[in-house]
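Trainee: First the structure, then my questions, so here it is.
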Amino acid sequence: MTTDISIDDYDADEYADNVPAAPKRAKASKPKKAKAAGPKLPGNREERRAAARKSTAVEREANGITVARIEYDGETYWVPADVLDWDPEAMMAFENQKAMKFLQGILEPDEDGRDGFAHLMEVKRRKGYRMRQLNELYEEIAKALGFVSAGN
């Protein structure tokens, strides 16, 4: 016995009425953003750095950061004696041989609280320093801290 079924005999509405509806999918929730690690510090990064740099070399040593005295061309500069106390951006500048960025990040305030880099810029203007002298200071700092050379 053969039955011929034609497409015209098929009723989709009837079929849909007899098949249970698929369960509704739950909407995917958006993942929650992870909170940043560490405490939130007041002020922006530059304000915190400026506040940290206002301390004198003696205060920095009292807080556990040993500083080294660097003499160059009759001027005194202060830098952290331990590489672990360097500003990370100063370390990157040192590795990439960027003397100005390195000096800006590593020079500490002197005993009177004067910013080390601002002092260097004042000396540069007064004595007419060029990159040759700044690179020499860069090399002196490297040698004083135990590096064979700054790589220049």
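The values are calculated or read from the model by the stated rules, or taken from the named source; none is laboratory data. This structure is a prediction, so every number in the text was calculated from the model and none was measured. Methodologically, a virtual Cβ is constructed for each residue, glycine included, from the backbone with ideal geometry; neighbour enumeration extends over all protein chains shown. These accessible areas exclude ligands, DNA and RNA; they are computed on the full protein's heavy atoms, side chains included. Shrake-Rupley method; radii C 1.70, N 1.55, O 1.52, S 1.80 Å.
Trainee: If you scan segment 103-118, which residues turn out to be open to solvent by less than 20 Å² (accessible area, probe 1.4 Å) and either closer than 17 Å to Glu75 by Cα or at pLDDT below 90 (or both)?
Mentor: In the first step, residues of segment 103-118 are kept if they are open to solvent by less than 20 Å² (accessible area, probe 1.4 Å); the result is 103, 105-110, 116.
Those that are open to solvent by less than 20 Å² (accessible area, probe 1.4 Å) and either closer than 17 Å to Glu75 by Cα or at pLDDT below 90 (or both): Leu103, Ile106, Leu107, Glu108, Pro109, Asp110, Gly116.
Trainee: Right, next: With the structure loaded, tell me whether Met92 is at pLDDT 90 or above, within 25 Å of Gly64 (Cα to Cα) and open to solvent by 30 Å² or more (accessible area, probe 1.4 Å) or whether it fails that test. Step through it out loud before you land on a result.
Mentor: Values: at pLDDT 90 or above: yes; within 25 Å of Gly64 (Cα to Cα): yes; open to solvent by 30 Å² or more (accessible area, probe 1.4 Å): yes.
Yes; evaluated as a whole, the condition is true for this residue.
Trainee: Filter segment 119-140 down to the residues that are in contact (Cβ under 8 Å) with a residue 40 or more places away in the chain and surrounded by fewer than 19 Cβ atoms within 10 Å (Cβ to Cβ) and list them by number.
Mentor: Hits for segment 119-140 are His119, Val123, Lys127, Gln133, Glu136, Glu140.
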